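Contents: one structure, followed by commentary.
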Amino acid sequence: MQHTPGTRPEPRIQAPARHALAVWAVAVLVYLAAVFHRTSLGVASLEAADRFQLGPAALGTFTVLQIGVYALMQVPTGLLVDRFGPRRVLTAAAVLMGLGQLLFAVATSYPLGLLARAVLGVGDAMTFVSVLRLVATHFPARRYAVLASFTAALGALGNLVSTVPLSVLLANVGWTATFAVAGGATALYAVVLALRVRDGAPVAEPDATQSLRSVLGQVRGAWATPGTRLGFWVHFSTMFAPAMLGLLWGFPYLVRAQGMSEPAAGLLLGILVVGQVVGGPLVGAAIGRWPEWRTPLVMGYLTAALGVWAVLLGWPGGRVPGLVLVAGFALLSLGGPASTIAFALARDYNPLRRVGTATGVVNVGGFVAITVSALAVGLLLSAFDPLGPRTAYRLALLAVVVVLLGGLWRTSVWWRRARAAVFDAAARGEEVPVRIRRRAWDLAPA
């Protein structure tokens, strides 16, 4: 292969295609399980309120706690993956998720329930970054975006499994048996992961005496890379709104502010999942074939999302027609697929030895945005509650627009900076991965 001056080749990946797909298939199942466990409380919220004797605020703490733990664990997870390899981290994740769900199955007190969800959140946080690192080490760079999108789409199926099937199990076999079976099966799957998953050829041998300074240097190196920073803001901007609606505020908005029945609201929220399952592979295939469209697609989605929120919150009278809600939620659902572009950026603009850390840094973005927007909407709803649910939700959801505008601004800033940094480095003769030099023009403003 010919290399231009000031560039260096990416380490060659030798894994046979069939073996690589088998490793990915085994690993992606644990990510599907992670999404199932993450969203399982959605259909069990009424049972949880009765079991733990909770009001709405205390019940919501389960979700906020789990999201917060997930966000806090992303950078440590990336460091663990880079140091010990994804197989060990995925195996530990399966054990932790299994233990967390088993503890949740037998918990009868609120503190024990919170501890169970925290343990579950730690295990959940260790899955996605690990699977993406396996993709990075087993597949060539040109296939990374496609497989990352397929991983996210298959994970979304875990959300579907946590709705009707879980509801049926809860109704027929009860709380303890349902969550005990789910936890036990996940913990046992750790054996499959340990036996069938292989890390691939390491870039460098892990250093058992690695100091705190070198660990922090790894994080600083990832954060200092403009492409990582761009990925962070892409993830921050794209995934938070559909996730926040699906996890917390979408259902009460549709029922209380839009007057929909509970079954109809649940069906409409399902569009957010279907959009990710269908849109993920399409976005992955598109950016894999035309990488120059990665950031322009993100900017197009964010602009369209602002238009959707303008329609939903500015509709005369506040009562939005059903077809408009369906179209709006369908478009917002594409934020999940668009967010996978952030991981392609982390993969392309960092050396392979630091991809896990960079992916963890990027993954923090979306969950920080979810936490900020969810808390802001809740506080504003409490403040505007005397105005009635329709007006209260219209005003409270303006917080989503503010977060979206902030994310759009920072994404545009780092889009320009990432492109400039790449060309400046090449001009100085510094080592730059070939794919960055070749694809840097995909960061050029339209």
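Per-residue Karplus couplings for the stretch 334-344, computed as 6.51 cos²θ - 1.76 cosθ + 1.60 with θ equal to phi - 60°, are listed in order as 6, x, x, x, 5, 5, 5, 4, 4, 6, 5 Hz, Gly and Pro entered as x. Heavy-atom accessible surface of Leu375, to the nearest 10 Å², is about 90 Å², with a 1.4 Å probe and all protein chains retained. Taking every protein chain into account, the accessible area of the stretch 141-204 amounts to 47 square angstrom per residue (probe 1.4 Å).
Rounded to the nearest percent, how much of the accessible area of the chain (1.4 Å probe, protein heavy atoms only) is carbon and sulfur?
Its accessible area is 68 percent carbon and sulfur atoms.
Set against the labelled values [x] 70, 38, 21; [y] 37, 29, 23; [z] 35, 28, 18, semi-axes √(5λ) of the Cα gyration tensor in Å computed from this structure falls on [z]. For the chain, a Gaussian network of Cα nodes joined below 10 Å ranks Thr176, Thr137, Thr359 by mean-square fluctuation, and the top entry is Thr176.
Show that you can apply the helix-only estimate: for the chain, add -39,500 (n - 2.57) for every DSSP H stretch of four or more residues, divide by all residues, and state [θ] at 222 nm to the nearest 500. Don't jump to the answer; show the numbers that get you there.
Values: 19 runs with 338 residues, N = 446.
After summing the helix terms and dividing by the residues of the chain, the value is -25500 deg cm²/dmol.
Taking all protein chains together and a 1.4 Å probe, the residues Arg87, Arg353 rank Arg353, Arg87 from largest to smallest accessible area. The angle between the Cα long axis of helix 110-125 and the main principal axis of the chain comes to about 30°, on a 0 to 90 degree scale.
Remark: the chain carries a charge dipole of roughly 1100 debye about the Cα centre, counting +1 on each Lys and Arg Cβ and -1 on each Asp and Glu Cβ. Taking all protein chains together and a 1.4 Å probe, the residues Arg256, Arg133 rank Arg256, Arg133 from largest to smallest accessible area. Compute the helix-to-body angle for 175-196: its Cα long axis versus the longest principal axis of the chain, expressed 0 to 90° and rounded to tens. Between helix and principal axis, roughly 10 degrees.
Phi-derived couplings, Karplus 6.51 cos²θ - 1.76 cosθ + 1.60 at θ = phi - 60°, listed residue by residue for the stretch 238-243: 8, 8, 6, 5, x, 5 Hz, with x used for Gly and Pro.
Can you tell which of Met244, Met73, Met260 shows the greatest fluctuation in a Gaussian network model of the chain with Cα springs below 10 Å? Its mean-square fluctuation being the largest, the pick is Met260. Hull volume per residue, based on the alpha-carbon atoms of the stretch 65-174 and their convex hull, is 110 Å³. Here, P(r) means the percent of Cα pairs in each 10 Å bin from 0 to the largest distance; for the stretch 79-136 it is 26, 43, 22, 8, 0.
The values are calculated or read from the model by the stated rules, or taken from the named source; none is laboratory data. None of the values given here were measured: they were computed from a predicted structure. Because the Cβ atoms are built from the backbone with ideal geometry, glycine has one as well, and the counts that use them run over all protein chains shown. Just the protein is used for accessible areas: all its heavy atoms, side chains included, with ligands, DNA and RNA removed. Shrake-Rupley method; radii C 1.70, N 1.55, O 1.52, S 1.80 Å.
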